[in-house]
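FYI, it's all coordinate maths here, none of it is from the lab. None of the values given here were measured: they were computed from a predicted structure. Cβ atoms come from the backbone with ideal geometry, glycine included; neighbour counts cover every protein chain shown.
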Amino acid sequence: MSTVIVVVVAVLALVGLVFSVSGAVGILRMPDVYCRIQCSSKTITMGALPALVALVVGEGFESAYAARALIVAALLLTVNPAASHALARAAYRAGVPMWDGAVRDDVKAMKAAEAEDADHRHGDRPEDRREGEHDD
Amino acid sequence: MINIDQLYFAVAIAEACVALLLLPRIARGPSVSDRIVALNTASTQAALAVLFYAAGADRAIYLDVAIWLVSFSYLGAIVWARFLERGLI
Amino acid sequence: MTEFWIIDYLVLALILGSAVLVIRIPNLPGATMALSAVGTFLSLLFVILGAPDDAHSEVVVGAIALPVLYLAAIAKVRADVLDEGELREEGEQDDEGEASDRR
């Protein structure tokens, strides 16, 4: 094992660890569940990918370690955004409050516009928020 | 010169330390969603620690646990989200 | 092989912290989630101690299946007692048992 490969593995793993630690600190320190979902989604994936590339570089591309590391990378890239999307949507529907400094809520504005439109059309009271949900 | 197995062990220890850093958020998340987020992140970090420990210990049979951890953390997140949305039954 | 002891005690600290959280969180879904964390870190400990088959079964059973069963039990009991709109997360104030000892 030459020294160059060790240095490359160390640098890539260090980059991944810096991103992972910053993501963990963000999950600890962010004021809101949606900000924490953002930290968990993007920063942790960005922290995992250089570490997996370091494993591929260190063990060689044709080893079992590299194959499993690439499978884990592909799984993370497909699965982590889907899980974050489902969690954010469930948190919004369960009524978890936003941070006080949050400036926009597009779903609430859209539902208010829809309710006003329905109220304007046939004098009905605005419907329940579970069935008036906009599906994105 | 540092051995590459010791480097792999050091990276595995550091990823487990990141998972240890996430435990206070599981302890005092104001809502369940915060705990789900912290738990998913801890599961990802545990999978990375398993990968690097397997590379350091030269045992290729440990690697499948990482794949199981990643895919089943997704399944757990979907189940928790469904529980939050409409109550799982 | 000195690194083995470091990661061994580190994962033991993780498991102990999560297991203390299971009995310290006053909120039923939160305690179930800490139980899922115990299963995840216990699978990591099984890998480190050299038993990957136990780690497989611990991931499937201890980290996913057992908390989901507890969660189904909690949801079913609450769906019988309350109506659907009360399945909230924050530590409930209209439940009788676990809301009294909230921090």
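List of remarks:
- Gain on full stretching of the segment that runs from A:Arg104 to A:Ala64 - 0.36 nm per residue minus C-alpha separation: 9.6 nm
- Per-residue average of Cβ from other chains inside 10 Å of C:14-21: 3
- Most to least packed among C:45-52, B:79-86 [average Cβ atoms within 10 Å]: B:79-86, C:45-52
- Rounded to 10°, Cα long-axis angle of helix A:44-59 versus longest principal axis of chain A: 20
- Neighbourhood charge, 13 Å Cβ-Cβ cut-off, centred on A:Ala109 and excluding it, Lys, Arg +1 and Asp, Glu -1: -2
- Averaged over peptide A:96-108, the number of partner chain Cβ atoms lying within 10 Å of each residue's Cβ comes to 1.
- Cα-centre dipole for chain A with unit charges at Cβ (Lys and Arg positive, Asp and Glu negative), debye to 20: 600
- Once the chain from A:Ala74 to A:Ala115 is taken as fully extended at 0.36 nm per residue, the excess over their C-alpha distance is 10.6 nm.
- For region C:1-46 versus region B:20-89, the inter-centroid distance based on Cα atoms is 12 Å.
- Helix axis angle, B:4-21 relative to chain B longest principal axis, alpha carbon, degrees: 20
- Other residues with beta-carbon under 12 Å from the beta-carbon of B:Leu63 carry, at +1 per Lys or Arg and -1 per Asp or Glu, a net charge of -1.
- Of the chymotrypsin sites (Phe, Trp or Tyr not before Pro) found in region A:15-123, the ones in coil according to DSSP and having at most 12 other Cβ atoms within 10 Å of their Cβ are A:Phe61, A:Trp99.
- A simple spin-label model places the labels of C:Ala73 and C:Phe4 3.8 nm from each other, with each point 7 Å out along Cα-to-Cβ.
- 10 Å Cβ shell holding at most 15 others, DSSP loop, GluC sites (Glu not before Pro): longest site-free stretch of chain A: A:63-126
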